[in-house]
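Just below is one structure, and these are the notes that go with it.
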Protein chains: 2
Amino acid sequence: MSPAQGAREKPAGPSVTGRVLGILSAFGPGAEALTLSGIARTAGLPLSTAHRLVGELAAWGALERGEDGLYRIGLRLWEVGALAPRSLGLRERAMPYLEDLYEAMRQNVQLAVRDGHEVVYVERLAHPEAVRVFSRVGGRMPLHATGVGQVLLAYAPAPVQEEVLAAPMAALTPRTITDPSELRRALAAVRREGVAVCDGMVDLLALSVAAPVRGEDERVVASLSVVVPSAGAEPRAIVPAVRAAARGISRALGAPSARRRPVGVVSPGASGT
Amino acid sequence: MSPAQGAREKPAGPSVTGRVLGILSAFGPGAEALTLSGIARTAGLPLSTAHRLVGELAAWGALERGEDGLYRIGLRLWEVGALAPRSLGLRERAMPYLEDLYEAMRQNVQLAVRDGHEVVYVERLAHPEAVRVFSRVGGRMPLHATGVGQVLLAYAPAPVQEEVLAAPMAALTPRTITDPSELRRALAAVRREGVAVCDGMVDLLALSVAAPVRGEDERVVASLSVVVPSAGAEPRAIVPAVRAAARGISRALGAPSARRRPVGVVSPGASGT
């Protein structure tokens, strides 16, 4: 039963790497500050093991111990995480366009990527007077319920689409799409229009307009959205600005379809640059 | 010599945790995408060990393997890092004030914290037409050369100040303070004025105005700055806006000195709320 029993090369439990990752996984939204025993319990580790591993993580800067004795995720782990191309790398390229859109709309502007069956928000600019949104940077939402999610799902590989369509879909509001046939039609509309409009699907008071961002191989790598108050919203007035910003980011990422065309040349690809 | 030799409980090299952290440390600015052998070399690990640990990290989402075969930091690690209170937690509270300042100034707005003898930028909003700045989110700069750095150093514990004053200071431009006595005077001025003005110390073309952000125990936990073109800059016109935004963030963080005072009450602390 004791994990130190004998000196076998392959213990029955998770590897040390798995234990370290288990410790990091113990932290999450609403669990930003934990005691050592809380970490041990959540990660399923003996206190002595947790003590040793947490000490190593804190020495490196992955965790920080506050004066209150609680452990929190450390600045160094955030710095390493900031190197993820799908987070801050993407964000850095997108930021000028997000800022332009934010200035022009004075509403919420969001940038998100897909991870499995969820949306992960990598940036959010919220105007002080804009409608409240529930997303947060680093937060997740289901694909079927959000504008950015429907865009990311519409351009996801077919198996991902089928998995989402086959699974139960949570109704965040009475207006959230939860019917597979309805979602299938919505995704087809997104592909046809190049834009998703979701009215009241996350919050009855908010409407989002989302467009796809493409990478250098033309695949959709992210989605951009503007969230405005549902009451009185005119999606037609928002769509062009969202599309233009998404195209600008796609160009910054090297998407061939978003290249600037030389003045006076109409057909794409002419002149070779 | 072989790491698997025998079945000793304490190998001579770094622990598994140390190896895992060594793999993460192999990534950095300019080294965002690495081959497996590049990771092994930088982390000082045998290829077989690196292969196994990288596989575990990729399965969890700490690393992602691209179609080009290169490994990059994964979205999941960024998500965990986003829980660091000194990064996105701070940023979330500060963002409305940063956005207000950005709207008002249409220049660069930065939020930074101190880590050891360096500044780490946790947010940067850059207006498309603003003067170019060299900071990047997640990036570091020396304390002595930057506005945010001088603020963070001015309010740092005395031993940290003495260490920085005793060490050689790099001249990023001919105007960077590199003389300990001069820096000591500059820090005293920051504490007296509650603001740092750095003209041409990082880039001859840029001037920064920085102010301290205080936490719930009144200690300075971050610094906010606006960076404008040096030519024609009028710091006096910038200081009040920077001070006001820093105070707003301090209030959002619960700093008692930044509490709103009830209307009509002049003395601080009266009425108990």
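Values in this text are rule-based calculations from the coordinates and carry no lab data. All figures in this text were calculated on a predicted structure; none of them were measured in a lab. Cβ placement follows ideal geometry from the backbone for every residue including glycine, while neighbour counts extend to all protein chains displayed.
A few points about this structure:
- Separation of the A:Ser37 and A:Ala158 label points, Cα + 7 Å toward Cβ, nm: 5.5
- Alpha-carbon geometry of the stretch A:85-258: the Rg and the Dmax are 14.5, 40 Å, given in that order.
- Integer Hz, Karplus 6.51/-1.76/1.60 couplings in order for the stretch B:205-219, x for Gly and Pro: 8, 10, 10, 10, 10, 10, 9, x, 10, 9, x, 5, 9, 6, 6
- When +1 charges are put on Lys and Arg Cβ atoms and -1 charges on Asp and Glu Cβ atoms, the dipole computed for chain A relative to its Cα centre reaches about 500 debye.
- The H on the amide N of B:Val213, modeled in the peptide plane, is under 5 Å from the matching H of B:Val221, B:Ala222, B:Ser223, B:Leu224, each at least 5 residues off or on a different chain.
- Against chain A, whose longest principal axis is taken from its Cα atoms, helix A:47-60 shows a tilt of about 50°.
- Here the Karplus curve 6.51 cos²θ - 1.76 cosθ + 1.60, taken at θ = phi - 60°, turns the phi angles of the stretch B:225-235 into couplings of 9, 10, 10, 10, x, 5, 5, x, 5, 10, x Hz, with x standing for Gly and Pro.
- Backbone HN-Hα couplings from phi across the stretch A:151-156 [Karplus 6.51/-1.76/1.60, Hz, Gly and Pro as x]: 5, 5, 6, 4, 10, 6
- Taking 0.890 mPa s as the viscosity and 25 °C as the temperature, the Stokes-Einstein diffusion coefficient of the stretch B:68-123 based on its alpha-carbon Kirkwood radius rounds to 186 µm²/s.
- Projecting the Cα atoms of B:Leu143, A:Tyr97, B:Val242 onto the charge dipole of the protein assembly as shown, computed from C-beta unit charges around the Cα centre, puts B:Leu143 farthest toward the positive end.
- Residues whose amide H falls under 5 Å from that of A:Leu207, counting only those 5 or more places apart or on a different chain, are A:Gly200, A:Val228, A:Ser230, with hydrogens built in the peptide plane.
- Chain A: angle of helix A:90-105 to the longest principal axis, Cα-based, in degrees nearest 10: 50
- Over chain B, dividing the summed -39,500 (n - 2.57) contributions of all DSSP H runs of at least 4 residues by the number of residues returns a 222 nm mean residue ellipticity of -11500 deg cm²/dmol.
- Using C-alpha pairs under 8 Å with a sequence gap of at least 6, the mean separation divided by the residue count of chain B gives a relative contact order of 13 percent.
- Electrostatic dipole magnitude of the stretch B:81-186 [Cβ: Lys, Arg +1; Asp, Glu -1; Cα centre; debye, to 20]: 120
- If R0 is 25 Å, the Cβ-Cβ spacing of A:Arg184 and A:Glu218 corresponds to a FRET efficiency of close to 0.60.
- Kirkwood-based Rg to Rh ratio, the stretch B:24-114, C-alpha trace: 1.15
- Annotation for A:Arg136 and A:Ala58: the two label points, set 7 Å from Cα along the Cα-Cβ direction, are 2.4 nm apart.
- Paired Rg and Dmax values of the stretch B:154-236, which use every Cα atom, in angstrom: 13.5, 38
- In the protein assembly as shown, Rg over Rh equals 0.99, where Rg is the alpha-carbon radius of gyration and Rh the Kirkwood radius from pairwise Cα distances.
- Among the chymotrypsin sites (Phe, Trp or Tyr not before Pro) within the stretch B:101-153, those in coil by DSSP and having at most 14 neighbouring Cβ atoms inside 10 Å are B:Phe134.
- Taking trypsin sites (Lys or Arg not before Pro) as exposed when their DSSP state is a loop state and no more than 16 other Cβ atoms lie within 10 Å, the longest site-free interval of chain A runs over A:9-105.
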